[in-house]
Every structure is written in C-alpha cells, then in structure tokens.
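Worksheet: the structure to be examined is printed underneath.
The values are calculated or read from the model by the stated rules, or taken from the named source; none is laboratory data. Computed from a predicted model, the values in this text were never measured in an experiment. Cβ atoms come from the backbone with ideal geometry, glycine included; neighbour counts cover every protein chain shown. Remember, those area values only see protein heavy atoms, side chains included, never the ligands or the DNA or RNA. Shrake-Rupley method; radii C 1.70, N 1.55, O 1.52, S 1.80 Å.
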Amino acid sequence: MSTPAPLQYQQVTVLERSQVSPSPAPAAGQPRSLPLTFFDLAFWDFPPVQRVFFYDHHCADDDLLDVPGFLRRELPLLKASLAAALHRFYPLAGKLACELQEEPEIVCGSDGDSVCLTVVVGSDDFRDLAGDHPRDTARLRPLLPPLPRHGVFAVQVTVFPGAGICVGTTLHHAVADGSSYAHFVKTWASIHRHEVEVPPPLFDRGVLRDDGGLREAFVHDHRALAAHGDKRLGDWDLSSRSDAVLLATFRFTEEVLRGLGRRAESVTSARRCSPNALACGAAWAGIVHARGSDGGKARQKFGFVTGCRARSTPPVPGNYFGNCLGLCPVKLEEGNELTAASASAAIWKVIEGLAEEGRALRDAREWVRLVRESAAARAVTVAGSPKLGIYAAADMGAPWGRPRKVEILSVERTGALALAEDGAGIEVGVALPRGEMEAFRAFYNDLLAGLT
C-alpha cells in the first residue's frame, strides 16, 4: 500500500511512503523467529548501519530522469525486486524489541511483516554529493531512511531529476553483519537484473557453537551497563556537534599500498603487511595526527572486526545470515611513535595472530565492555571491507548499472573508517570535524608525496 506524504525535509521532498512485504510470503516451514546469538548481541546497541548508493543513469531515455517517468516505470520494478529479495531474506521485514529481552529474537514471517520504503526528490547537487571531496554530513543525512520502531531495516530512494538516483538503507546492526548485508544487496540486484542464481541465506542458528554461554553473559552485561546509565557509546558520535562534520574518501591505490608496504618493512619488523593493514594504519595515524592534543586517548587504540565464519570450529557456512564477527583490539606499545608504518605493523601483528586456532574468540567474554572502553577512548575502528565487493554486489543492471559511489554514513556515529574495494586498491571513508579533516587531508597528501 502507498500513502502520499508530500512534505519538506531539508533538501528532499517526500513523495511516498509504502510498506513492501516479502512476495511471495515465506514458506510455512520457515522459522517464525530467529534468536539473537552472542555475535548479534555484541552489536546490540550500536547505531544502525547506514549506507547510500549513488547511481548514474546509463540510458538514452531521458524520461527516466524526471520524477513522473521514474515513478511510472522504475519505481514499480524496484518495489517488485525488493519484495522478491525480502522473500528470501524475510527476517529483514521482521520486528525486534526495543528493550533487551531475556531471550532476544527477531520475530518474523508473520502476515503484515514489511519494510518501509520512502521515495523522495532531492534538490542538492547529485555529482557533488557522490564525490570524494569533503562534504558536510548534514547534506547526506536526508538521503537515509529512519528505522521504524521495532523495525530492523528500511529503504529510501532519492530521485535527482536529470542526474540519477540514490538508494539509502538503514539496518539494525544486531540483525546482520556486512557479509549478510552484501548477500542481501547482491540478491536484490540480481533479481532486479532478472538473474536469480545467488545462493539463499541460511538461518539455522544451530551452526554456531556457544559452549561458554556467551549469549547469556552478553545479555547480563548489557543490562548491567544500562542499569548504571552507561552512555560511553555516545563518545564516538560526531553527528550532534555544533560545528560541521565532513565525510571524505581517500584512495589507496595498488601503487600507494606497495609504497606503504616497503616503508613499513624498512622501519619495523613487519613483513608483507596486508593491504587492509596498510590502509588502516595510515588512516589511524592520520586521524590521531589530525586530532592533535585531543588525540591522546586514541593514540594507542585501534580496533577492527574479523570474519568468524571460516574461523569457527566447525566452520560456519558462508551464506549464514546474521552477525559472525570477532572484535580485535590493537594497541601500540607504549613509547612507540604512531606513524603510518608503526600503526600498520601493529594491526598486521594482530591479523597474523588470528591464524592461531581459536584466537578470534579467545577474549570474547569481554566484547561488550571492550566496545564501550574503545568508545570512551575514541579509538579508531573499521566498518565495511573490500572483501565484501559491495560495488559489484549492488549492480542493478540497465539503466543504472554499478553505483558510482557507496558511502557508509553511519561512521560519523561510530568512529570508524569506511572501507570498500577500489579496483586493486582500497577506498577509505573518513568523517571528521572540519578542522580535523583539513589536517587529515594534509597528512594524507604528505604521506603520498613521501612515497614518490
């Protein structure tokens, strides 16, 4: 059903809000609830993960670039493919209690389950918004849908007449990790292209082992912290600052990564640092440099997540739907100067250690409190991964093709670097206050100049 709701909201005009239900409805034998696992509960009260996908128009038919043409021809196709994708990923149309229950679960597969789809018209400069240069996040936020109460997923399509469209999504982090999200996006896009050969998701929670009772322990930790009024997660959040927060993309090409690797090997004991370690190390050092005296607490702290599907015993199937990530803290040894090389070496040391069986989960009992300690220290963290292949996954076919740009806007609330593939290189999205962004850009440019 559709309800016209024309109103002004910053740079966008809302045309329609509709509820898209899985079509056809989930089969009778499918689970009607999915328990949240300890992997899910590690991210229980994180801000939702919010991405935007900017699509150029690749068709000579200019009719699709005006609002009536889009509403008449493209919107019904997007709704139909979304409904078909939700048939496979029906928990995304489910509900989740706002307060943590004793047995937290996603309630799904019921009549009336749906995802809110908002359609708006944007008046901002499409190409400028989809650039790499620093842009005020206040201009990008209107491209994102709010998450309805008890909802776990929402979608917004913003039409930029004469330019393109932007698809924004908001996802409760306790429902799915980046791998499951990319699986859904790939399914939606393949259906939209009339290709349906993507393997279906696996919802069976029995493939995960929790011999140490981490699920109950995490529920206890969350409740205890809430009872004490713990608000440290908010220490990462830049969105409520009075001064402008800017989002920019910095590209680490294959050539740049090779140069950073040679430098790391020449001044540290690290050997063959991974591209992720090199790009993240450079960005970590750059952010701490940009913060100046305010970067003291974060100077020694970084964190990333590692996929635990293949690292679990027995391995969890790759199409498992949910969260399956391990939290990996990184600390620079006291007395060491934080440089791109030393930061990369410290990250790589932790990555190498994950090769030890069971290492990814060894300190899992402390994850809930670790997250808050990291936020209080304003540690730099990571969202996304080049391994997700999000640009290829989001190829909607003609007339939109692959997105020209993908952004993780929620990094302004989580202190994270937004990683994605860039050919053989890596793109890193960074959200910083204006003054810090200028300092970070100078650090990045000097770093690249020093490699030549």
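What to note about this one:
- For Glu255, net neighbour charge (Lys/Arg +1, Asp/Glu -1) across residues whose Cβ lies under 14 Å away: +2
- Check: segment 307-394 dipole with +1 on Lys, Arg Cβ and -1 on Asp, Glu Cβ, in debye: 340
- 3J(HN,Hα) along segment 184-189: 5, 4, 5, 5, 4, 5 Hz, from the Karplus curve 6.51 cos²θ - 1.76 cosθ + 1.60 with θ = phi - 60°, whole Hz, x for Gly and Pro.
- Peptides 232-245, 398-411 ordered by average Cβ neighbours within 10 Å, highest first: 398-411, 232-245
- Here each label is just a point 7 Å from Cα along the line to Cβ, and for Ser23 and Val67 those points are 2.4 nm apart.
- Sorting 429-435, 120-126 by average packing, meaning the other beta carbons within 10 Å per residue, from highest down gives 429-435, 120-126.
- Projected over every direction and averaged, the convex hull enclosing the alpha-carbon atoms of segment 314-452 yields 12.0 nm².
- Per residue, the chain exposes 42 Å² of accessible surface when a 1.4 Å probe is rolled over the protein heavy atoms with every protein chain present.
- Note: relative contact order over segment 390-452, using C-alpha pairs below 8 Å and six or more positions apart, is 20 percent.
- Cβ-Cβ distance of Arg271 and Ala398, R₀ of 30 Å, FRET efficiency by 1/(1 + (r/R0)^6): the value works out to about 0.05.
- Between Glu373 and Ala224, the FRET efficiency from the beta-carbon distance, with R0 = 22 Å, is close to 0.90.
- A Cβ-based charge dipole, computed about the Cα centre of segment 100-141 with Lys and Arg at +1 and Asp and Glu at -1, lands at about 400 debye.
- For the chain, relative contact order (Cα pairs under 8 Å, six or more residues apart, normalised by length) works out to 21 percent.
- Calculated from backbone phi, Karplus (6.51, -1.76, 1.60) coupling profile of segment 424-429 in Hz, x at Gly/Pro: 8, x, 9, 9, 10, x
- Apportionment of accessible area to carbon and sulfur, the chain, percent (1.4 Å): 52
- Calculated over the chain: convex hull of Cα atoms, volume per residue (Å³): 149
- Over segment 99-168, relative contact order from alpha-carbon pairs under 8 Å, at least 6 apart, %: 36
- Taking the square roots of 5 times each eigenvalue of the Cα gyration tensor of segment 210-341, largest first, gives ellipsoid semi-axes of 30, 24, 16 Å.
- Taking amide H as placed 1.01 Å from N in the peptide plane, the amide H of Gly425 sits under 5 Å from that of Glu254, each at least 5 places away or on another chain.
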